[in-house]
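Read through the structure below, which is laid out as structure tokens, and then see the notes.
The values are calculated or read from the model by the stated rules, or taken from the named source; none is laboratory data. Small disclaimer: the values here were computed from a predicted structure and weren't measured. So basically every Cβ, Gly included, is an ideal-geometry build from the backbone, and we count neighbours across all protein chains shown. These area figures cover heavy atoms from the full protein model, side chains too; ligands, DNA and RNA do not enter into them. Shrake-Rupley method; radii C 1.70, N 1.55, O 1.52, S 1.80 Å.
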Amino acid sequence: MDAAEFRKRGKEMVDYVADYLEKIDKRQVFPDVEPGYLRPLIPDRAPQDPESFEDVFKDIEKIIMPGVTHWHSPYFFAYFPAASSFPALLADMLCGGIGCVGFSWAASPACTELETVMLDWLGKMINLPEEFLAGKDGQGGGVIQGSASEATLVSLLAARTKTIRRVRSEKPELTEADIMGRLVAYASDQAHSSVERAALIGGVKIKNVPSDDTFSVCGSALKKVLDEDKASGLIPFFFCATLGTTPCCSFDKLLELGPICNKENIWMHIDAAYAGSAFICPEFRHLLNGVEFADSFNFNPHKWLLVNFDCSAMWVKKRSDLTGAFKLEPLYLQHHHQESGLVTDYRHWQIPLGRRFRSLKLWFVLRMYGVTGLQEYIRKHIRLSHQFEHLVLQDERFEICAEVVLGLVCFRLKGSNELNKALLKSINEAKKIHLVPCHLREKFVLRFAICSRTVESTHVKFAWQHISQLATDLLKTWEQNHHRQ
């Protein structure tokens, strides 16, 4: 394919993507395929001779689309939102076109410098304390990671290195292995499984701190666990606080937890993967109060801020904590500006060496929506979640299981877990909308997340009528079966 054909085919692909997104509501949200559907549809080896673009293009609808879950459908209410917008898609095209691998400043200066400035822009939008910003000569700063899981892992590994160095300077008789065996990380019993996975990869113990009846961790619960562990000779070193937990969007009590972590020399990382985007609205910023005690903070613009995957924003108070843990300088990666103090080499801030020019899509979206456009987008989603909550509350057969703060509603039929499993099964088998469940204590609960950029009040009403009708049908057969027994 030469440049002339690329121009032609590129326009065709843009039309195809625009049509796909414009008419996505006509497609069934969840596919009708069985595992292994794809293998028989394509040859078992790559073609020996080139094929035409037409042949490849024809196979998109025939082979790929039948197996796609349409995350951007207005009938997709599962997991959390996955952001997408036309400015972000255009920026991703440019990123692919430039095709640089930005592991160091010298590898592509614009790639590094735009990221540093964009993370400052974003930090100011959510009113992050000054210490987290790079500015002209700050000690902190932001970086784009691939996902919140990566941000948690990077912060845990940095905390591990920092703690080992500190303990060895206090007790030189201890070996690194002695200290490693005694390190403990902590997170809420509601925290995402990626926190446990970070500890697994980091080779350290992790303990769950019990959450209260609002599914939040408070200071006294953390203190109790820390006191027990220190008494038995363990070394607490890392706590991951969650703002907007995955099961029910609950918020750990930062103002109680932060001072404890600071006093005990424990690195506090804040995972606000989903909820963080809402902090650009002044009326939700109070949910971030206490961030001033944290060492690192992360949220995902690729969830709820119209920047498509992957773009996970992470800030640290002291970037030397990261670079101190991950810095290696082989000759082939060195450049003559690296000691100037003006240069960031992001390879020292992350797990992989290579990185894409991801700040372009942040730049496009922030400029083309503006802060007010993004605030309106968040507020609209939150209004729609309260609309759904209101519909649920009007039906006495159902209950709301957790406070609706942002764009997630946790609800269920009053009754057994089996009944609610059957309801979810009938919803997802009908494939008109898509939901996923969670466990809140011993209850099986349905999660309804406002996700799509194009979702409107009519889609929420449709979803509720559909759920309500399926519940009516289910309860009839359930009662009949019950009477027969």
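With the condition kept exactly as written, say whether any residue in the range 215-222 is within 30 Å of residue 403 (Cα to Cα), open to solvent by 50 Å² or more (accessible area, probe 1.4 Å) and part of a helix (DSSP H, G or I). Yes: one or more hits. Does the range 324-361 hold any residues that are acidic (Asp, Glu) and either at pLDDT below 75 or open to solvent by 20 Å² or more (accessible area, probe 1.4 Å) (or both), and which are they? Listed by number, the residues that qualify are 329, 339. Scanning the range 342-380 for residues being assigned to a helix (DSSP H, G or I) and either more than 17 Å from residue 88 (Cβ to Cβ) or among the charged types (D, E, K, R) (or both) gives a total of 11. For the range 362-404, the set of residues classified as open to solvent by 20 Å² or more (accessible area, probe 1.4 Å) and among the polar types (S, T, N, Q) consists of 372, 375, 387, 394, listed by residue number.
Does residue 45 meet the test of being under 32 Å from the mean Cα position of the chain (by Cα) and loosely packed, with under 10 Cβ neighbours inside 10 Å? When the stated conditions are applied, residue 45 does not pass them. Across the range 193-214, the number of residues qualifying as outside any helix (DSSP H, G or I) and either surrounded by 21 or more Cβ atoms within 10 Å (Cβ to Cβ) or touching a strand residue (DSSP E or B) at 6+ places or on another chain (Cβ under 6 Å) (or both) comes to 6. Within the range 234-276, the set of residues being out of contact with any Pro (no Cβ under 7 Å at 6 or more places or on another chain), of a type outside the set (A, V, I, L, M, F, W, C) and open to solvent by 30 Å² or more (accessible area, probe 1.4 Å) comprises 246, 253, 256, 259, 262, 263, 265. Across the range 226-246, the number of residues qualifying as part of a strand (DSSP E or B) and farther than 20 Å from residue 276 by Cβ comes to 3.
Please determine whether any residue of the range 272-286 is touching a strand residue (DSSP E or B) at 6+ places or on another chain (Cβ under 6 Å), assigned to a strand (DSSP E or B) and modelled with pLDDT of 95 or more. No.
Among the residues of the range 83-91, is any hydroxyl-bearing (Ser, Thr, Tyr) and either open to solvent by 10 Å² or more (accessible area, probe 1.4 Å) or outside any loop (DSSP other than H, G, I, E, B) (or both)? Yes; the residues of the range 83-91 include at least one that is hydroxyl-bearing (Ser, Thr, Tyr) and either open to solvent by 10 Å² or more (accessible area, probe 1.4 Å) or outside any loop (DSSP other than H, G, I, E, B) (or both). Within the range 111-154, the set of residues being open to solvent by less than 10 Å² (accessible area, probe 1.4 Å), hydrophobic (A, V, I, L, M, F, W, C), in a helix (DSSP H, G or I) and in contact with a Ser or Thr (Cβ under 7 Å, 6 or more places away or on another chain) comprises 118, 151. Across the range 277-301, the qualifying residues are those that are open to solvent by 10 Å² or more (accessible area, probe 1.4 Å) and touching a residue at least 24 places away in the same chain (Cβ under 8 Å), and the one among them that is farthest from residue 265 (Cα to Cα) is 284.
When the range 256-271 is filtered for residues that are in contact with a helix residue (DSSP H, G or I) (Cβ under 8 Å, 6 or more places away or on another chain) and either part of a helix (DSSP H, G or I) or not assigned by the TED database to the domain that holds residue 212 (or both), the ones remaining, listed by number, are 256, 257, 258, 259, 260, 261, 262. One residue is enough: does the range 91-107 have a residue meeting the conditions in contact with a helix residue (DSSP H, G or I) (Cβ under 6 Å, 6 or more places away or on another chain), modelled with pLDDT of 90 or more, among the small types (Gly, Ala, Ser) and outside the structural domain of residue 323 (by the TED database)? Within the range 91-107, one or more residues are in contact with a helix residue (DSSP H, G or I) (Cβ under 6 Å, 6 or more places away or on another chain), modelled with pLDDT of 90 or more, among the small types (Gly, Ala, Ser) and outside the structural domain of residue 323 (by the TED database). From the list 95, 100, the one residue that fits, being within 22 Å of the chain's Cα centre (by Cα) and either hydrophobic (A, V, I, L, M, F, W, C) or exposed (fewer than 13 other Cβ atoms within 10 Å of the Cβ) (or both), is 95. Selection within the range 137-160: residues that are out of contact with any strand residue (DSSP E or B) (no Cβ under 8 Å at 6 or more places or on another chain) and at pLDDT below 90. The member of this set that is farthest from residue 270 (Cα to Cα) is 137. The number of residues in the range 432-444 that are open to solvent by less than 100 Å² (accessible area, probe 1.4 Å) and either out of contact with any His (no Cβ under 9 Å at 6 or more places or on another chain) or more than 20 Å from residue 31 (Cα to Cα) (or both) comes to 7. Do we find that residue 158 is touching a Gly at 6+ places or on another chain (Cβ under 8 Å) and open to solvent by less than 10 Å² (accessible area, probe 1.4 Å) in this structure? Yes, satisfied. Here residue 16 does not fit the description of being outside any loop (DSSP other than H, G, I, E, B), of a type in the set (Ser, Thr, Tyr) and surrounded by 16 or more Cβ atoms within 10 Å (Cβ to Cβ). Taking the range 161-189 as the range and being surrounded by 24 or more Cβ atoms within 10 Å (Cβ to Cβ) and touching a Ser or Thr at 6+ places or on another chain (Cβ under 9 Å) as the test, the residues that pass are 187, 188.
For the range 137-191, a tally of residues being in contact with a Lys or Arg (Cβ under 6 Å, 6 or more places away or on another chain) and small (Gly, Ala, Ser) returns 2.
The numbered conditions (1) touching a strand residue (DSSP E or B) at 6+ places or on another chain (Cβ under 7 Å); (2) loosely packed, with under 14 Cβ neighbours inside 10 Å are all true for residue 447 except (2).
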